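Encoded as structure tokens, the structure appears first; notes follow it.
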Amino acid sequence: MALGEKQSLIKSRKRVRDHGEVFTPDWLVRDMCDLVGEACAQVGSRFLEPACGDGNFLVEILRRKLAAARKVAGGRADTARFRRVAFEALTSLYGIDILPDNVAACRANLLALWEGAHGRQMRERSPWAACRAAARFVLERNILVGDTLRPEGTESLAPIVLTEWQWRGDAVGRTEVALSELLDSDEEALPLAGPLQNTFPPVPYTALAAPPPAAPPAIRRAVEWLGPDYVQACFVFPEEST
């Protein structure tokens, strides 16, 4: 945005009237993120934005996490180490919004920032297409259409189901739990407030989609590590081949 240019904080008066939609200006987003600057600079710290809009808060947080990922990778953005850590940063962000166009915009904004953070040489390597597909897969499950005030769902909105991503090496698995169950639990804080670890309560495996019939060895090892009673196999993070 050019200096002196006024940032629009609404899309339409109708959206304000119907949904109370008013966006936070960029300068205030940065100031508010500064209040939790230490957490924003940790690659694995998780954030849930219950009314994410087009992602202005999540984009700023991801920008800071990617800067931290570059430090982990020795200041470079074209290494397999950066790609792995940057992807972990992406899995740590969650957003919910009642308007589908906001959710689509949020996903697109996060993906664009994440892609742009990688060096050109990295984007030209063979694993990139699979890595980008994995990023889209995560965003489709982390940035959701829903009503946070009615997480159990409504006639027009599905229940909000959150996904936790677990790692062992380059193998990734996931567990799922309904937000309404988390809010009804006796825990002092949602698991999403803590560092990346397997903290979601066990969910019966039958409640989840069946894993692929012939899961690759790395996925099978991840399932064994996480516990076959409640973990759904997901994918293997692409290995560096060049």
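Structure notes:
- Relative protection proxy for 82-88, 95-101, 69-75, 112-118, from highest mean packing down: 82-88, 95-101, 112-118, 69-75 (other beta-carbon atoms within 10 angstrom).
- Couplings 3J(HN,Hα) for region 67-74, derived from phi with the Karplus relation 6.51 cos²θ - 1.76 cosθ + 1.60 (θ = phi - 60°), are 5, 5, 5, 5, 5, 4, 8, x Hz, where x marks Gly and Pro.
- Length gained when the stretch residue 104-residue 24 is fully extended (0.36 nm per residue, less Cα-Cα span): 27.0 nm
- Taking all Cα-Cα distances within region 80-122, those exceeding 13 Å account for 59%.
- Each residue of region 115-127 was assigned a 3J(HN,Hα) from its phi angle through the Karplus expression (A = 6.51, B = -1.76, C = 1.60, θ = phi - 60°), giving 5, x, 6, 7, x, 4, 4, 5, 5, 8, 7, 4, x Hz with x at Gly and Pro.
- Shape call, region 33-142: gyration tensor on alpha carbons, a/c limit 1.5: oblate
- Straightening the chain between residue 121 and residue 63 buys 18.9 nm, computed as 0.36 nm per residue apart minus the Cα-Cα spacing.
- Working ranking of peptides 43-49, 31-37, 155-161 by packing, defined as the average number of other Cβ atoms within 10 Å per residue, highest first, is 43-49, 155-161, 31-37.
We did not get these values from a lab; they are worked out from the coordinates using the rules stated. This one's a predicted model, so the numbers in the text were calculated from it and none came from an experiment. Because the Cβ atoms are built from the backbone with ideal geometry, glycine has one as well, and the counts that use them run over all protein chains shown.
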